[in-house]
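What follows is a set of notes on a single structure, which appears directly below.
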Amino acid sequence: MFRPVLSAVALAACGLLPAAAHATPLSASEILKQFNTVVLGSATSSSHTDGRTYVGGSLSGGDYVQHINDTPGSSYAGLTVAGSASNVKVNGLGAVIGGGLSNSTVNSGSSVVYGGVSNSNLNGAAYVEGGSSGNFNGGKLATPNEVMIANVVASTSTNFGSVLGGLSGSLQSLSSTGSSVAFDGNLAIFNAVANASGVAVFDLTAIDTVLFSKGEFRFNLNGASSVILNTDVKSATLGANFLGSAAQQYGSKLLWNFYNATNLTVNSQWGGSLLATGAYLTNNQNIEGGVFVNGLDQRAEIHLQSFNGGLGGNGGGGSAGAPAAGVPEPGSMALLAGGLGVMGLLARRRRAAPAR
C-alpha cells in the first residue's frame, strides 16, 4: 500500500489538488478495460506487457506499455508499483513507484517516486522524495505537477483485491447458460449458449481436471459477445493449443474465472483474460488478454486484449456499474507519515516564496 504522502487530503491542504483530479474507485469492468495486468502481490518479469500494469508489492524486471496508443485512457500511470521497482522499462504514460526505483528507464510520461532513484533514466518530468542518481532529462520537480497528482490520487483510490475478488465471487455464482464442452480424444470443444444479453456462461467445475489435461481447444461461440468460464481447479498447467487462431480471435471475449486457484502455469499461447486473485501465475508462453492474479512470474508476453464483454448482469459487488471498493482508511502511523509529507511540501513552498 502506498504511503499517503500525496493523498487527496494532503494535496488539498497544500493547494496542489486540481479540480480535475478525482479519487473515484474503479469498478470491476473499468479495471478489466484499463489494465493489461494487475498483480495484487509482487511480480518478476523477463518479458513485456503491451498495456498498463499495477503491482501491489515489489516489481523486478519487465518492459511495460509497449503499445502506448492502444492503451485505454485512465488516470493511472502506465506503471504503478506500491513497493520498490528495479530493472524495469516504461515506454509511455509514466510511472508511480511507492518505494525506490533502480536500474530502470521511463522513456516518456511523468514519474513519481516515493523512495530514492538510483542508476536510472527518467526522460519525462520527475518528482522524487528520496535521494537520486541518474539522468533526469525531463527535469526534477520540487513539487508534483497536475499529471503526477492525478496519477498519485488514482494510485491509492481502488482496493484492487476487494474489487477483483468481489468480481470473481459474483461470477462464480452465475448459473450456466446451457453452454457445454464435448471431448473428442485430445480435443475439447466449447459450445457456447448465450443469454439475452449475449453472455455465455460455462460451469467447468465437474470437468476441469480432465479439461485442462487436453491438448487442443476449439471454440464455437454461436453469436455470444462474451464468454465467462468458471472453474474451481486449485492448480493447473494450461498447455492446450487454441485451434484456428482462437487465442487471438477471442482474446477480448473470454474471461476465465479461476476462483479457487493458487498456482497456474501457462505453457501454450493462451486466449482470454485470466482472473485468479488467489493464484501465483507463471506464463511460459504469450497470453492474449488481461492478467489479474496474486503473484506473477512473467516469462512471455502479455498482449493487450481488454475484456470488452458483459459480466453476466450479476448483482454482486464486482458487476459492471456496481459501487467500487475504495482503499481502506490508513492507520495512525500511515496518517503520521502523510502529515510529515504535508509538512515537507509546505516547508518547500515557504522556502520558495519571496520574503515579505
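The values are calculated or read from the model by the stated rules, or taken from the named source; none is laboratory data. All of these numbers come straight from a predicted model, not from anything done at the bench. Using ideal geometry, Cβ is built from the backbone for each residue, glycine included, and neighbour counts are taken over all protein chains shown.
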Subset of segment 168-180, residues part of a helix (DSSP H, G or I) and touching a strand residue (DSSP E or B) at 6+ places or on another chain (Cβ under 7 Å), comes to SER168, LEU171, GLN172
Has segment 98-117 got any residue that is at pLDDT 95 or above, more than 23 Å from the chain's Cα centre (by Cα) and not β-branched (Val, Ile, Thr)? yes
For segment 266-297, what are the residues that are under 12 Å from the mean Cα position of the chain (by Cα) and of a type outside the set (Gly, Ala, Ser)? LEU274, LEU275, THR277, VAL291, PHE292, VAL293, ASN294, LEU296
Going through segment 54-65 in order, the residues found to be in a loop (DSSP other than H, G, I, E, B) and out of contact with any helix residue (DSSP H, G or I) (no Cβ under 8 Å at 6 or more places or on another chain) are GLY57, SER58, GLY61, GLY62, VAL65
Of all residues in segment 130-172, which are farther than 30 Å from THR277 by Cβ and in contact (Cβ under 8 Å) with a residue 60 or more places away in the chain? ALA142, THR143, PRO144, GLU146
Which one of these does GLY223 not meet: (1) surrounded by fewer than 16 Cβ atoms within 10 Å (Cβ to Cβ); (2) farther than 22 Å from SER176 by Cα? (2)
